[in-house]
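Asks: The structure under discussion is supplied below as structure tokens; questions concerning it will follow.
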Amino acid sequence: MLEKKKPFIKKKKEKVFFTSTPKRKLKEKRNPENELTGIYKQGQGNFGFVDTVDEKTWEKKWYFVHESKKLDAFEGDEVAFEIKVFRGKPEAIIKKVLKRSESLIVGTLQIAKTSGFVISKNPLIKTDIFIPWKFLWGFTNGSQVAVQILKWEGKNPEGRIIETLGDLPEGREDIYRIAFEMWARRKFSENIQEELKGLPKNIETHTSKYRKDFRNLLTYTIDGAESKDLDDAISIEKIETGYRLYVHIADVTHYVQEDSHLDREARKRGTSVYLCDQVIPMLPTELSNGLCSLHPGEDKLTLTCEIEIDIHGNMKKTAVYESVIHSDFRLTYREIDEILLWEIKVWDTLQFWNIFSSKLQNNLQILKSLTEILSKYKYNKWVLNFEFPETKIVLDTAGNPIEYKKYERYDSYKIIEECMVLANEAISRQFEKYPFLYRVHELPDEEDVEKFAKIITSVDSSIVFPKEKWIKPKQFQQILEELKKSPKLQYFQKLLLRSLTKARYSEKNFGHFWLALDFYSHFTSPIRRYPDLQIHRIMKEIITKKYNPDRKHHYQEILPKVARRSSETSERAEKMEYKVRDFMACKYMQDKIGQEFSWRISGMIEKWFFVELPDTIEWF
């Protein structure tokens, strides 16, 4: 008896994301004049999107990309594309991958006889990454690694292992997995390690000779107790006309020479990233926590901004010096609050071993009186003062979140903030005639402001808006004061914040709307921000009279690129911190399913809303 044939059933083709584009399509004719550039973002299916920015209006746009039109683009790749209209809607056709993403793909390494493959943990990436044998030295089969795509010419994309998850701090693998997938790098290259070996471990006598010597001034740092990169210190004197404030900033450029391996890596990273209890530094710890950090009891090279302020808070005179200091005290925010409340008394022992003296007590009282004047002066200039709680996540030794709470705020935060903002403004004003980098916050769009006003009045009719068009800090601050009377303050503040533009770095000065300042730069954190390090280099050349037409041309050429890169890395770091925070929130709440909580609505969109718990965890 013949066996009955089974009916033919056509199997559904399994979706494979990031499939390689046939070479014939890669060789299609291009017309660069019709092309735009953007960043490719992978969708949940085979399709994707291209994000781009209009260079004239700075307006962000995105275009849908069909799976047949994406070539071999990966998430985060910079691409050239054309716009075509399909069924009445504009779509993007990717013509070329211009630059591979800096983001890493985390997965499991499988080693064969002559090569290896990394199998991604990302469900959107089902293509294995080929690793040539020359890049496998030192790695073992089954290792968890982070790989960067180099090219895609054959069946599989080819990559190189950049990081390994095997030697990470215990229980922090998830934090670094998120960080690696969002471009971060933990390790520094061998070239950088070699440069570090050649750096001087002590301040040479000939180096400090031509610097202004501030070692006789009473000087101290004010930071969190956990901080290791201390890049700013304060000195202050009471003078006849008011106050003389000295803001000393670590002279990182003395050690990081322009275009060195250290400099190029710092520019690439752009910023240090702070993720729960982990730090991915912009500079190696030998510099960030050692040579450049302004530890007490050690002579350190600095750039000092000296500012004279009258009794009304007006800045009367500024000067900048290459300097050398000797910090006398390392103080914490908590200690400053306790000192100013007279809870710490003379001869008490401070956290970092020093004995509290009457001289320091008197000096801190002078600092407090100055910052109170500055705060009042700032309020009268209509500076926007938002009040958002910060989140502190406490992890156990296994990396599990055991506490999720509001970060404790100290009054001393305002003291150090006033001093740093003043120094940043002073520097920006003093060097405005030279090529420079600014931290800009431009005027909000009128349409966004009108949308905000409509939403607020529909929710709370008691809030009164100015009759005139309110696109000045003064009107915004008046509204902010009105909002603080409402129980819906946090919700309203978030809406107001979304109506403002994003701050960014620029080689052109557009002022800082939020701070109500015509001039503002980032000068005070060169250990953890590249823009600060960059302007230090410019300032030092001007101070030492090494600045010339060639250097002017050089800076005019590179500063737009540095500004763009610094803005990108700053935004990426912020997104990374949010993503780790949200991941830890999910981890923290996973054993609390079924429990009831009190919460308040913190945001709304069509058909959905956000709620926030007292511990700052936000739910969608």
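The values are calculated or read from the model by the stated rules, or taken from the named source; none is laboratory data. The structure presented is a predicted model; accordingly, all values stated were derived computationally and were not measured. Positions of Cβ are backbone-derived with ideal geometry, glycine not excepted, and every protein chain shown enters the neighbour counts. Remember, those area values only see protein heavy atoms, side chains included, never the ligands or the DNA or RNA. Shrake-Rupley method; radii C 1.70, N 1.55, O 1.52, S 1.80 Å.
Asks: Quick one: check the C-alpha center-to-center distance for region 240-279 versus region 208-229, whole angstrom.
Replies: Computed from Cα coordinates, the inter-centre distance equals 14 Å.
Asks: Kindly write out, for region 557-570 in residue order, the coupling ³J(HN,Hα) from the Karplus curve 6.51 cos²θ - 1.76 cosθ + 1.60 (θ = phi - 60°), rounded to whole Hz, with x marking Gly and Pro.
Replies: With coefficients 6.51, -1.76 and 1.60, one gets 7, 8, 4, x, 5, 5, 4, 5, 5, 5, 5, 5, 5, 5 Hz.
Asks: When the Cα centres of region 595-619 and region 110-177 are compared, how far apart do they sit, in Å?
Replies: Using only Cα atoms to place each centre, the spacing works out to 38 Å.
Asks: For region 509-607, with only Lys/Arg (+1) and Asp/Glu (-1) charged at the beta-carbon, what is the dipole magnitude about the Cα centre, in debye rounded to 20?
Replies: Around 400 debye, computed over region 509-607.
Asks: Could you give the size of the charge dipole of the chain about its Cα centre, using +1 on the Cβ of each K and R and -1 on the Cβ of each D and E, expressed in debye and rounded to the nearest 20?
Replies: Magnitude of the dipole: close to 3100 debye.
Asks: Name the residue farthest towards the positive end of the dipole of the chain from the options Thr501, Phe356, Trp183, assuming +1 on Cβ of Lys and Arg, -1 on Cβ of Asp and Glu, about the Cα centre.
Replies: It is Trp183.
Asks: Using a probe radius of 1.4 Å on heavy atoms only, what accessible surface per residue do you get for region 142-192? Whole Å² is fine.
Replies: 44 Å²
Asks: Next question, about the same structure. In Å², what does the accessible area per residue of region 384-537 work out to with a 1.4 Å probe?
Replies: 47 Å²
Asks: A 28 angstrom limit on the alpha carbon distance is what I want to check against. Which of Lys197/Lys359; Lys484/Lys508; Lys378/Lys579; Lys41/Lys579; Lys454/Lys485 exceed it?
Replies: Cα-Cα > 28 Å for Lys197/Lys359; Lys484/Lys508; Lys378/Lys579; rest within.
Asks: What is the percent carbon and sulfur in the accessible area of region 66-132, measuring with a 1.4 Å probe over the protein chains and ignoring ligands?
Replies: Carbon and sulfur: 52 percent of the exposed surface of region 66-132.
Asks: Below 8 Å, C-alpha to C-alpha, sequence gap of six or more: please give me the relative contact order for region 137-236 in percent.
Replies: Relative contact order here is 15 percent.
Asks: Heavy-atom accessible area per residue, region 229-296, 1.4 Å probe: how many Å²?
Replies: 31 Å²
Asks: Given a 1.4 Å probe and every protein chain left where it sits, what share in percent of the accessible area of region 489-570 is carbon and sulfur?
Replies: Here carbon and sulfur together make up 53 percent of the probe-accessible area.
Asks: Identify the GluC sites (Glu not before Pro) of region 450-554 meeting these criteria: DSSP loop state and at most 15 other C-beta atoms within 10 Å of the C-beta.
Replies: Sites meeting the loop and neighbour criteria: Glu468.
Asks: Same structure again: If I take every Cα pair under 8 Å that is 6 or more residues apart in the chain, average their sequence separation and divide by the length, what percent do I get for the relative contact order?
Replies: It comes to 11 percent, rounded to a whole number.
Asks: Roughly what angle does helix 473-483 make with the longest principal axis of the chain, taking Cα atoms, 0 to 90 degrees, to the nearest 10?
Replies: Tilt relative to the chain: about 80 degrees.
Asks: Using a 1.4 angstrom probe with every protein chain in place, what is the largest-first accessible-area order of Met420, Met604?
Replies: The residues order as Met604, Met420, largest area first.
Asks: Please give, to one decimal in nm, the separation of the simple spin-label points placed at Ser68 and Glu408, each 7 Å out from Cα toward the Cβ.
Replies: 6.3 nm
Asks: Report, in deg cm²/dmol and to the nearest 500, the calculated mean residue ellipticity at 222 nm for the chain, where each DSSP H run with n ≥ 4 adds -39500 (n - 2.57) and the sum is divided by the residue count.
Replies: For the chain, the value works out to -9000 deg cm²/dmol.
Asks: Over 24 Å between Cα atoms: which of Lys61/Lys433; Lys345/Lys368; Lys317/Lys474; Lys187/Lys552; Lys268/Lys502; Lys474/Lys575 fall into that group?
Replies: Lys61/Lys433; Lys317/Lys474; Lys187/Lys552; Lys474/Lys575
Asks: Loop only by DSSP, 15 or fewer other Cβ within 10 Å of the Cβ. Give me the GluC sites (Glu not before Pro) in region 114-208 that pass, ordered by residue number.
Replies: Glu153, Glu170, Glu204
Asks: Can you give the % of DSSP beta bridges in the chain that are antiparallel, to the nearest 5?
Replies: 90 percent
Asks: May I pose another question? Projected area of the chain, taken from the Cα convex hull and averaged over every viewing direction, in nm²?
Replies: It is 38.9 nm².
Asks: Please work out how much accessible surface Asp259 shows to a 1.4 Å probe, ignoring ligands, DNA and RNA, in Å² rounded to 10.
Replies: 90 Å²
Asks: Taking all protein chains as present, what is the carbon and sulfur share of the accessible area of region 324-416, in % to the nearest whole number, probe 1.4 Å?
Replies: Carbon with sulfur: 52 percent of the solvent-accessible area.
Asks: Then there's this: Note down the magnitude of the dipole of region 221-293 about its Cα centre, charges +1 on Lys and Arg C-beta and -1 on Asp and Glu C-beta and zero elsewhere, to the nearest 20 debye.
Replies: Charge dipole of region 221-293: 140 debye, to the nearest 20.
Asks: Turning to a different aspect of this structure: Rounded to the nearest 0.05, what FRET efficiency is calculated for Lys587 and Phe610 with R0 set to 30 Å and r the Cβ-Cβ distance?
Replies: Approximately 0.95, to the nearest 0.05.
Asks: Could I ask something else about it? How many angstrom lie between the C-alpha centres of region 510-542 and region 38-97?
Replies: Between the Cα centre of region 510-542 and that of region 38-97, the gap is 34 Å.
Asks: Just need the relative contact order of region 278-372 here, percent rounded to a whole number, with Cα pairs under 8 Å and 6+ apart.
Replies: With pairs under 8 Å counted, the relative contact order is 19 percent.
Asks: Taking a ≥ b ≥ c as the square roots of the Cα gyration tensor eigenvalues, with a/c under 1.5 meaning rounded and otherwise prolate when a/b beats b/c, else oblate, which class fits region 355-489?
Replies: oblate
Asks: Could you give me the ³J(HN,Hα) list for region 400-413, computed from phi with Karplus coefficients 6.51, -1.76, 1.60 and θ = phi - 60°, whole Hz, x at Gly and Pro?
Replies: Karplus-based 3J(HN,Hα) across region 400-413 equals 8, x, 10, 8, 10, 8, 6, 5, 5, 9, 10, 4, 5, 4 Hz.
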